[in-house]
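This report refers to the structure that appears directly beneath it.
Please treat every number below as a calculation from the coordinates, not as lab data. In this text the structure is predicted, and so the values were computed from the model without any measurement. FYI the Cβ positions are ideal-geometry reconstructions off the backbone, even for glycines, and counts take in every protein chain you see.
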């Protein structure tokens, strides 16, 4: 986290940021797979919650 905060000399933090983004994308993909295993009712609830969150991020 130090590179992201600009605390490491000669490190602009972009490599660390790229790593964070990559890990977040992996987590999202894992959750998508996990959601497919849920009953349809829960899948629909998740979709509505996700849509609301994406709308809020706007």
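Points to keep in mind about this one:
- Scanning the stretch 33-47 for residues that are in a helix (DSSP H, G or I) and surrounded by 10 or more Cβ atoms within 10 Å (Cβ to Cβ) yields a count of 8.
- Within the stretch 1-27, tally of residues that are part of a helix (DSSP H, G or I) and either surrounded by 11 or more Cβ atoms within 10 Å (Cβ to Cβ) or over 15 Å from the mean Cα position of the chain (by Cα) (or both): 6
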